[in-house]
Amino acid sequence: MTEVPLGAEQPFRLSMLVYDRRYRSMTFQVIVFILVMALGWWLVNNTIRNLAALGKDFNFGFLFQRAGYDIPQRLIPYSSDDTHLRATIVGLLNTILISFMGCIAATILGVAIGIARLSNNWLFARLMAIYVEVFRNIPLLLWILIIYAIFTDVLPPPNAYRGDDPQWSMIFFDQVALTNRYTAVPAFGMSNDPGTIDLGARITVNLALIAFLVVIIGGWIARRAILARAQAIQDRTGHRPVTWWINLAVMTVPSVLLIWYFGLHLLAPELKGFNFSGGNNLNNALVVLWLALTLYTGAFIAEIVRGGVLAVSKGQTEAAFALGLRPKATMNLVILPQALRVIIPPLISQYLNLTKNSSLAIAVGYMDLRGTLGGTTQNQTGRELESIVLMMLIYLALSLIISAGMNAFNRSVRLKER
Amino acid sequence: MKRTVFWGALAVTAMTAGAAAADTLSEVKNRGELNCGVNPGLVGFAAPDANGNWAGFDVDLCKAVAAAVLGDPGKVKYVPLTGQTRFTGLSSGEVDLLARNSTWSFSRDTDLKLDFAGVNYYDGQGFMVRKDLGVTSTKELDGATICIQTGTTTELNLADYFKANGMEYQPVNIDSNAEGEQQYMAGACDAYTTDISGLAATRAAFADPENHVILPEVISKEPLAPAVRHGDNNWGDIVRWTLNALIAAEEYGITSKNIEELAKSSENPEVQRILGVTDDLGAMIGLDKEWAKRAIQASGNYGEIFAANVGEQTPIGLARGLNAQWTQGGLLYAQPFR
């Protein structure tokens, strides 16, 4: 067999760009690249032309103008005199709040239901199956609206709690009032308030909160140190010291001491004037959205968890049983560590979905990023393009951060190949 | 060679896309239909009836413009727009005309690049509460929960008013009048605030309108005006003068009943000009001679439209008040047709 050195003698012809394997892939890549660039150029150019035709420019100066509107639920101080930028941040924090609450609750619910669906109890497992199918097959927006309608029409206005013989009475030892505006829950009060520190931008944090955080995190670290020491003793002597009561003490006693020191107590909400005050009022918009996102995403997570558990072969369970492990230990030590590897990646997608779905908040008037920047701010300033672009960037950044965090967690649980 | 054609085609597309927004009149004529942005549901101003036919005060303006431009008041496509989507709908070209009880304000006129064609309803913001609440003045609303349509001037006025009076309130943000109605009726808010005309229209749709009261304070000026895109002056002129024709028609006694007769017999030169009997005013705005006549024929003059949709004989029962002719002590004052 003689090998002809390709191209060595042949002069370059244009047709070789298509027929010669050495050039073909490059040719097509260049063509696709040009097409993509042309499309991008056309989009940008078209936007610029149309903006010019409308006499509009592209700038973000509006973010520093006075917002002029109020936001009912907020995590940092805000008034109508603040800028659109601060309103945007208030909205962003609301988005983060609802996403965080939703992810936690949906995970707990999803894991519980996913495992319950595998139960040997026929009725129980079928009921869970019905829950999953009902919630994941009806659009989320409908669930939000249905739950909102139930909250609005079934629960009473605060007025129903008025008078000597009210139609409704508060629950949980007269601490919680359910109304069709908000759920009034107790607030924390302190008889020995240590004051607050200023973080700038009118954001303050109570020193007591910091003290509690320090004590709880410190307790957690101490517990790990104690467990590590116990493990070391066990490795050395084969005898594990009893640690549960030391752990319990480390975790609880400092907190109890702090509660006693600050004089922490509950302030029950009271009906004054039109509304409850004195406690914290959790707007129905937040509660409804939280419930709907949790129930909806929980159904998907349940299926992911079920799939993850089923993916671990039955032989593993049988082997564990054969070694004498009890069912609970089998689940915790054998099944779940392996199932997590299957569960985590789709779980990340569900968290991202939940975060993005929280933008349906506008249906119940919860002022999230979409409600502030993409809603009132956009409408009052007429900066549609800027608002949408900024909103897209923020959601993108948020999703990427969640992905990065969850991927890091995924790396820590995945199969370690050595 | 191919690439040149490609770039050329691209440039042409981009240019037509740019140019399309500039001449609304020929666009509407080519389409044979006027896209009119209206309120998704505010009885008396714009709401579809049981058969899906739109009716109301703002709807009649759409009809008048369609009659003037296309010769048929029925050739209107009504696009329901919420408080949040209305201006985007207009500036993106989804609608040619926004007749949706929108307040004419400085920033909307300038920064939002809208042109307002003249006030068709002088309104003000008020509050509605249940009678059994025992509230008689907005000053007593300290601490109340208030339903407010998000993305409106009323949202800003509300914040300003409570701040100026040193009062607190809890806003419940809602997206449309229908949602506001539901929340207010369920007691999820103590008071509902919007333009007084809107409150009256909302109340008229209640099963028990007598149990609700509109508080006497008017906290803002809300001149409601039809809007068009900034930059197409001719189209703006057409809408402005159609509205003026409706207002002038009431002033000069031209009604949908006597219009044919007046066109033949009237000796008043202004009436003759409006109805296209003498001068050809229509040609100056790219329309024919009888444009204004058709506009008035569509649903009658301003007074007839007002009486039929929101006047005292209707369940909404609004008095003319500021919206009477200047000769009757109101603010309506059509510029001369000349």
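Can you tell me which of A:ASN59, A:ASN280, A:ASN357 moves the most in a GNM of chain A? Springs connect C-alpha atoms under 10 Å apart. With Cα springs under 10 Å in chain A, the top fluctuation among A:ASN59, A:ASN280, A:ASN357 is at A:ASN59. Of the residues A:ALA87, A:LEU257, A:TRP122, the one whose Cα sits farthest toward the positive end of the charge dipole of chain A, with +1 on the Cβ of Lys and Arg and -1 on the Cβ of Asp and Glu, is A:TRP122. Estimated at 0.36 nm per residue, the fully extended path between A:LEU118 and A:GLU270 surpasses their Cα-Cα distance by 50.2 nm.
Legend: mean number of C-beta atoms from other chains within 10 angstrom of residue C-beta atoms, peptide A:366-374, equals 1. Look at where the Cα atoms of region B:294-322 and of region B:140-201 average out, and the two centres are 27 Å apart.
Annotation: extensible slack from A:ILE233 through A:PHE172 equals 17.3 nm (criterion: 0.36 nm per residue apart, minus Cα-Cα distance). Note on chain B: Cα-only Rg and Dmax are 21.7, 80 Å. Charge dipole (Cα centre; +1 on Lys/Arg Cβ, -1 on Asp/Glu Cβ; no other charges) of region B:125-220 amounts to roughly 120 debye. Cβ screening of the protein assembly as shown for cysteine pairs under 4.7 Å finds these without a partner: A:CYS103.
Count neighbours as other Cβ atoms within 10 Å of each site's Cβ, and list the trypsin sites (Lys or Arg not before Pro) in region B:251-337 that are DSSP loop with at most 11 such neighbours.
Details: sites: B:LYS257, B:LYS264, B:ARG273, B:LYS289, B:LYS293, B:ARG294, B:ARG320; in loops: B:LYS257, B:LYS289, B:ARG320.
The qualifying sites are B:LYS257.
Note on B:THR278 and B:ALA307: with the Förster distance fixed at 25 Å, the Cβ-Cβ geometry gives a FRET efficiency of about 0.25.
Would you mind working out the magnitude of the charge dipole of chain B relative to its Cα centre, with +1 at each Lys and Arg C-beta and -1 at each Asp and Glu C-beta, to the nearest 20 Debye?
Working: 27 positive and 42 negative charges, 196 e Å.
It works out to roughly 940 debye.
What area, in nm² and to one decimal, does the C-alpha convex hull of region B:125-220 cast on average over all directions?
On the way: hull surface 21.0 nm².
Average projection, Cα convex hull of region B:125-220: 5.3 nm².
Of all segments of chain A bounded by GluC sites (Glu not before Pro) found in a DSSP loop with no more than 10 other C-beta atoms within 10 Å, the longest spans A:10-416. Spin-label model, A:ILE34 to A:TRP244: label points 7 Å out along the Cα-to-beta-carbon direction sit 7.5 nm apart. Its Cα gyration tensor gives chain A an equivalent ellipsoid. The semi-axes, each the square root of 5 times an eigenvalue, are 46, 39, 25 Å from largest down. Rank A:GLY40, B:PHE57, A:GLN378 by how far each Cα sits towards the positive end of the charge dipole of the protein assembly as shown (+1 on Lys, Arg Cβ; -1 on Asp, Glu Cβ) and give me just the farthest. After comparing all options, I get A:GLY40.
In terms of other Cβ atoms within 10 Å, A:MET170, A:MET392 run from fewest to most in the order A:MET392, A:MET170.
Within 13 Å, Cβ to Cβ, of A:GLN73, how many net charges do the neighbouring residues add up to if Lys/Arg are +1 and Asp/Glu are -1? With Lys, Arg at +1 and Asp, Glu at -1, the net is 0.
If you model the protein assembly as shown as an ellipsoid using its alpha carbon gyration tensor, with each semi-axis the square root of five times an eigenvalue, the axes come out at 58, 41, 23 Å, biggest first.
Test of understanding: what is the full-extension gain from A:VAL214 to A:SER412, defined as 0.36 nm times their sequence separation minus their Cα-Cα distance?
On the way: separation 198, 0.36 × 198 = 71.28 nm, distance 2.56 nm.
So the extension gain works out to 68.7 nm.
Among the listed pairs B:LYS29/B:LYS257; A:LYS356/B:LYS77; A:LYS314/A:LYS356, which are separated by more than 30 Å between their Cα atoms? Listed pairs above 30 Å: A:LYS356/B:LYS77; A:LYS314/A:LYS356.
In deg cm²/dmol and to the nearest 500, what is the mean residue ellipticity at 222 nm of chain B if only DSSP H runs of at least 4 residues count, each as -39500 (n - 2.57), divided by the residue total?
Details: 13 runs with 131 residues, N = 338.
Only helices count here, giving -11500 deg cm²/dmol.
Please state the charge dipole magnitude for the protein assembly as shown, taken about the Cα centre, from unit charges on C-beta atoms (+1 on K and R, -1 on D and E), reported in debye and rounded to the nearest 20. With only Lys, Arg, Asp and Glu charged at Cβ, the dipole is about 4260 debye.
Express as a percent, rounded to the nearest 5, the fraction of DSSP beta bridges in the protein assembly as shown (both residues included) that run antiparallel. Don't skip to the end; give the middle numbers.
Working: 37 of 54 bridges.
About 70 percent, rounded to the nearest 5.
Within chain A, the selection of entire DSSP H helices by a Cα span of 27 Å or greater along the long axis and an average Kyte-Doolittle value of at least 1.6 returns A:84-116.
Helix hunt in chain B: which complete DSSP H runs extend at least 15 Å axially by C-alpha with mean Kyte-Doolittle at least 0.5? Spell out each step's value before the answer.
Numbers: long enough: B:2-20 (27 Å, 0.82); B:57-70 (20 Å, 1.56); B:153-164 (16 Å, -0.26); B:233-251 (26 Å, -0.12).
Those that pass (Cα extent of 15 Å or more, hydropathy at least 0.5) are B:2-20, B:57-70.
Using the Cβ-Cβ distance between B:GLU260 and B:ASN165 with R0 set to 35 Å, the FRET efficiency works out to roughly 0.05. If you count the DSSP beta bridges with both ends in region B:125-220, what percent of them are antiparallel, to the nearest 5? The answer is about 45 percent antiparallel.
Throughout, read-outs are computed from the coordinates displayed, never taken from laboratory work. Source: prediction; values computed, not measured. Neighbour counts run over all protein chains shown; Cβ positions are idealised from the backbone, glycine included.
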